[in-house]
Amino acid sequence: MITLPHALHFALRANAVTARICEERGERFDPLPVLKLFSPLGAATWIATELYDDGDTLFGLADLGFGCPELGTFSLREIAAVRLPFGLTIERDIAFTPRAPLSVWADTARRCGSIIAAEQALRRIPMPPGKPLPPSCG
């Protein structure tokens, strides 16, 4: 079972609301990912920026390990229902550091062939001092 702590749930919902407002205004919204899910037995990885009103649909970057990460929506319940060998399940990366907006993740993952490779490439880029700025419209 994948549990979302209150702070993660709140951040995902806040991004969904902000994305809707930006879309209505015709403005760009490119938030930092909030959540990373992964298979402990393979390359399947998901990073999410938004959680829709239904409490199940996430928006972000999905990579099932076939070399073609894609932006889109995916179901938290479906991911949580995946049963892997040895009784393992899909897990939340509790040490995930977003490092870059979703568009940068998507471009890097497509160029590198996976979210895992993109994460390694983004780690090599020095982070600015202090915390990253919160996402904004425009």
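Tabulated data for the structure shown
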quantity: Cα-derived Rg to Rh of the chain, Kirkwood definition; calculated: 0.95
quantity: Helix-only mean residue ellipticity at 222 nm for the chain, each DSSP H run of n ≥ 4 adding -39500 (n - 2.57), per residue, nearest 500; calculated: -10000 deg cm²/dmol
quantity: Sequence ranges 57-65, 21-29, ranked by mean other-Cβ count within 10 angstrom, highest first; calculated: 57-65, 21-29
quantity: Segments 108-116, 5-13 sorted - mean Cβ within 10 Å per residue, highest first; calculated: 108-116, 5-13
quantity: Relative contact order (percent, whole number), region 6-123, Cα cutoff 8 Å, 6+ residue spacing; calculated: 24
quantity: Top of PHE86, PHE66, PHE38 by mean-square fluctuation, Gaussian network on the chain, Cα under 10 Å; calculated: PHE86
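Values quoted throughout were computed directly from the atomic coordinates according to the rules given, and no laboratory measurement underlies them. Since this is a predicted model, take the numbers as computed values, not measurements. Heads up, the Cβs are rebuilt from the backbone with ideal geometry, glycines too, and the neighbour counts pull from every protein chain shown.
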